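Heads up: the structure comes next, in structure tokens.
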Amino acid sequence: PGALIIHFLGGIHEIYFPYVLMKPILLLAVVAGGASGIAILQIFNAGLIAAPSVGSILTILIMCPKDSYIGVILSILVSTAVSCLIASILIKKTAKK
């Protein structure tokens, strides 16, 4: 729960690296989540006006033009869902029984 708060509000994305590095196959989930988020941004022709210095949800929304809110928020939600879905499948398949 603490890592979630630090990651989402603080924008410190390095917080999840130890979890991924403990099980390197989870890199597939991270890459798929990123690719799906970029795909949604392309479909909605959305993006930010500049790079947010910290990847916090707050700075992302501040840097978002008014016509891109739906695409940006949807890309965050879709990439999160894809990452979680793929990671849960990979963890279940590789779990020791």
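The values are calculated or read from the model by the stated rules, or taken from the named source; none is laboratory data. Computed from a predicted structure; not experimentally measured. FYI the Cβ positions are ideal-geometry reconstructions off the backbone, even for glycines, and counts take in every protein chain you see. Note: areas computed on protein heavy atoms with side chains; ligands, DNA, RNA excluded. Shrake-Rupley method; radii C 1.70, N 1.55, O 1.52, S 1.80 Å.
Taken over the range 1-24, the criterion of being open to solvent by less than 90 Å² (accessible area, probe 1.4 Å) and either closer than 15 Å to VAL72 by Cβ or at pLDDT 95 or above (or both) is satisfied by GLY11 alone. On the stretch given as the range 1-48, residues that are of a type outside the set (Val, Ile, Thr), farther than 26 Å from CYS64 by Cα and in contact (Cβ under 8 Å) with a residue 40 or more places away in the chain total 3. In the range 49-62, the qualifying residues are those that are modelled with pLDDT of 90 or more and in contact with a helix residue (DSSP H, G or I) (Cβ under 9 Å, 6 or more places away or on another chain), and the one that is least open to solvent (accessible area, probe 1.4 Å) is ILE60.
Taken together, the residues in the range 1-48 that are of a type in the set (Lys, Arg) and out of contact with any helix residue (DSSP H, G or I) (no Cβ under 8 Å at 6 or more places or on another chain) amount to 0.
Is it fair to say SER53 is free of Cβ contacts under 8 Å to residues at least 24 places away in the same chain and out of contact with any strand residue (DSSP E or B) (no Cβ under 6 Å at 6 or more places or on another chain)? So SER53 passes the test.
Counting the residues of the range 63-97 that are closer than 15 Å to ALA39 by Cα, modelled with pLDDT of 95 or more and surrounded by fewer than 16 Cβ atoms within 10 Å (Cβ to Cβ) gives 3. When ILE91, ILE76 are checked against the criterion of being out of contact with any Leu (no Cβ under 8 Å at 6 or more places or on another chain) and either among the polar types (S, T, N, Q) or assigned to a helix (DSSP H, G or I) (or both), ILE76 stands alone in meeting it.
Given the condition out of contact with any Lys or Arg (no Cβ under 7 Å at 6 or more places or on another chain) and not in a helix (DSSP H, G or I), answer yes or no: does some residue in the range 20-40 qualify? The answer is yes, given that some residue of the range 20-40 is out of contact with any Lys or Arg (no Cβ under 7 Å at 6 or more places or on another chain) and not in a helix (DSSP H, G or I).
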